[in-house]
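Visitor: I have a structure here, written as structure tokens, and I will follow up with some questions on it.
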Amino acid sequence: MNMALWFTLVGAALAAIALHAFFSRRHPLRRLIALNIMGSGIFLVLIGLARLYPGTLPDPVPHAMVLTGIVVAVSATAFGLVLLRRLARLGRGET
Amino acid sequence: MSGVTLALDLLLGLSLVWLAWRTLASPTLFGAIVLFIAFGLLMALVWARLDAPDIALAEAAVGAGLTGVLLLAALADLQQGDNLLPVREPLRGWLLQLILALCALGLFTLLTLALLGLPSPPPSLAGQVLPRLDGAGASHPVTAVLLDFRAWDTLLEIAVLLLAVVAAWSLGSHPHPNPRIVGSEVLQGLVRVLLPFAVLSAGYLVWRGGFAPGGAFQAGTVLAAAGILLLLSGLGRPFNGRHWLWRALLASGLFIFTGVALGTLLLGGGALDYPAGLGYGLILAIELGLTLTIGLTFIALYAGEQDAAEERE
Amino acid sequence: MILALLATVLIGAGLIFFIAGTLGLLRFPDVLCRIHALTKADNIGLGLVAAGLALLGGSWAVAFKLLLIWLLVMAAGTTAAQLVAGHSQAEDER
């Protein structure tokens, strides 16, 4: 089997596992982690697709998309964490 | 594909799925975060296997480093005192569980069918990018796509990063992460040695991005990691985002990028349509700004905003 | 040919240290013992692998970069080990 195809299938499996965990796990921190793993799975599908056809140069457009995607994902995660910390402080009665 | 690399790929893919499963099923939050960091490291290896060195570099810094630090800092904060974070009741009822499992299975099946049903060769934009590299401001295809052909997307992405910082700041200050390792002399010694190397490699990555894997995204994350280490070691002064100089540096990437866009518009070409011969210099200038913006964005998101009152005391 | 053979021997020896370190991490009873096992893999194991790769790299520049990587990993690994050990000691004393 083609190596890139194998990793796109791994990416699909990661996305499915993370989707399940995102809805079944209830702690918000776990949900953020699940969202990140789902993102990694989707990125893996994109990059696998970029070099699915052996012998040609990989398609640089998905590479650029995933590169920006990783950076945006971590900034969104960081913002989600700030929201969580704010929620916890409100729960403790602080401002 | 030889037998050894085949075995390596199979092992990598299976460990990735297994690690994701263990991460999501981990009984403790701390365990989940540590497993997630390991997952990020394996992802970096997979990117290298898929001929995506740009992404491998970014993943090694982001997935294995930055996200882990952010998660651990938040966990330390959340576990202070009573944890009153609203956590909803776990899913009850076999019907809901069944529907959820079917949804996940359906996603996997549909994705697999879509992948297997692709035409051969699959659609690719490589044929359009590669012949145009001669006229672009960067000879490395990924950099050329990011900062020449699709520069608009990157401009807006930087705006999104700044938006995240503004939104986080508008939620008020959160306590400066103050783990017990602050003040460790061994860590301070390491940071003293490592910091110049980190800044040097960030600069090297920016310069290298013009013609080989590398660029502002990887350089920015290296810079962010160095800044966070500096804060962790207690050597640097607490990051005060209110200072005008920090704010100017934080926005420098967006300023330079929009400046170039306006300039090229005024010169008569399309926005971000670099004049012939100037492309390389302009892209390098934009990338230096982007590196600063990306690096400082993550430092700001990690450190939170110091209270103005706290600062005066 | 001799170079490739020597490189294989070096990398193989390095991998043995990694396997031993992993075994120690999994089987040793407490934090300090586990760190002790891990640092062996990091320092000597990685050093041997890097030396083997430097032979295969074919240029002094590559060899120098690998040496730099080895030194940086040793510095970072040592610091991390010290921090984990210090943390576990602080936990025990409480």
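The values are calculated or read from the model by the stated rules, or taken from the named source; none is laboratory data. If you're wondering where the values come from, they're calculated on a predicted model, not measured in any experiment. Quick reminder, even Gly has a Cβ in these numbers, built from the backbone with ideal geometry, and neighbours come from all protein chains shown. Quick note on the areas: whole protein, heavy atoms, side chains included, nothing else; ligands and nucleic acids left out. Shrake-Rupley method; radii C 1.70, N 1.55, O 1.52, S 1.80 Å.
Visitor: Running a GNM on chain B with Cα contacts under 10 Å, which residue among B:95, B:78, B:29 ends up with the highest mean-square fluctuation?
Guide: Judging by the Gaussian network model, the answer is B:95.
Visitor: Mean Kyte-Doolittle hydropathy of -1.0 or higher plus an axial Cα length of 15 Å or more: which whole DSSP H helices in chain B meet both?
Guide: Going by DSSP H runs, the hits are B:3-25, B:29-49, B:67-78, B:94-116, B:151-170, B:185-208, B:216-233, B:244-266, B:279-303.
Visitor: Scale the Cα Rg of segment B:43-152 by the rule-of-thumb value 2.2 N^0.38 Å and send over the ratio, two decimals.
Guide: The value comes to 1.67.
Visitor: Another question about this same structure. From the gyration tensor of the Cα coordinates in the protein assembly as shown, what semi-axes in whole Å does the equivalent ellipsoid have, largest first, with each one equal to sqrt(5λ)? List each step's numbers first, then the result.
Guide: Numbers: eigenvalues 211, 189, 153 Å².
One finds semi-axes of 32, 31, 28 Å for the protein assembly as shown.
Visitor: Between residue B:30 and residue B:212, 0.36 nm times their residue separation minus their Cα-Cα distance comes to what?
Guide: Details: separation 182, 0.36 × 182 = 65.52 nm, distance 3.76 nm.
That pair, residue B:30 and residue B:212, stretches by 61.8 nm at full extension.
Visitor: Report, in degrees rounded to the nearest 10, the 0 to 90 angle that the Cα long axis of helix A:3-24 makes with the longest principal axis of chain A.
Guide: 20
Visitor: Taking just the alpha-carbon atoms of segment C:2-93, what radius of gyration and Dmax come out, in angstrom?
Guide: For segment C:2-93, the Cα radius of gyration and maximum Cα-Cα distance read 15.5, 55 Å.
Visitor: Let me ask something else about it. Once every Cα of segment A:3-91 carries one equal point scatterer and solvent is ignored, give the base-10 log of I(q)/I(0) from the Debye formula at q = 0.18 Å⁻¹, two decimals.
Guide: Relative scattering, expressed as log10 I(q)/I(0), comes to -0.82.
Visitor: Ok, one more. For an R0 of 30 angstrom, estimate the FRET efficiency from the Cβ-Cβ distance between residue B:97 and residue B:235 and round to the nearest 0.05.
Guide: The pair residue B:97/residue B:235 has a calculated efficiency of 0.05.
Visitor: Can you give the helix-only mean residue ellipticity at 222 nm for chain B, where every DSSP H stretch with n ≥ 4 adds -39500 (n - 2.57) and the sum goes over all residues, rounded to the nearest 500 deg cm²/dmol? Could you put the intermediate results ahead of the total?
Guide: Details: 13 runs with 211 residues, N = 313.
So the calculated ellipticity at 222 nm is -22500 deg cm²/dmol.
Visitor: Ok, one more. GNM on chain B, C-alpha springs below 10 Å: top fluctuator among B:162, B:194, B:272?
Guide: So, out of B:162, B:194, B:272, the one fluctuating most is B:194.
Visitor: Roughly speaking, what is the stretch gain from residue B:79 to residue B:105, that is 0.36 nm per residue apart minus the C-alpha to C-alpha distance, in nm to one decimal? Walk me through the numbers on the way to the answer.
Guide: Working: separation 26, 0.36 × 26 = 9.36 nm, distance 3.45 nm.
That pair, residue B:79 and residue B:105, stretches by 5.9 nm at full extension.
Visitor: Rounded to the nearest 0.05, what FRET efficiency do residue A:72 and residue B:169 give with R0 = 25 Å and r taken as the Cβ-Cβ distance? Could you check?
Guide: Approximately 0.85, to the nearest 0.05.
Visitor: Between C:13, C:61, C:37, where does the largest GNM mean-square fluctuation fall for chain C, given springs only between Cα atoms within less than 10 Å?
Guide: C:61
Visitor: Of all accessible surface on chain B at a 1.4 Å probe, what whole percent is carbon and sulfur?
Guide: Carbon and sulfur atoms account for 70 percent of the accessible area of chain B.
Visitor: Now, a different point. Can you tell me the Rg and the Dmax, both Å, for the Cα atoms in chain B?
Guide: 22.5, 67
Visitor: Enumerate the residues in segment B:1-39 having an amide nitrogen under 18 Å from the point lying 7 Å beyond the Cα of residue C:76 toward its Cβ.
Guide: The answer is B:34-39.
Visitor: What do you get for Rg/Rh over segment A:34-84 if you use C-alpha atoms and the Kirkwood form of Rh?
Guide: That ratio is 1.12, to two decimals.
Visitor: Separate question: For segment B:140-307, list log₁₀ I(q)/I(0) at each q in 0.14 Å⁻¹, using the Debye formula over Cα point scatterers of equal strength and ignoring solvent, two decimals each.
Guide: Taking Cα atoms of segment B:140-307 as identical point scatterers yields -0.76.
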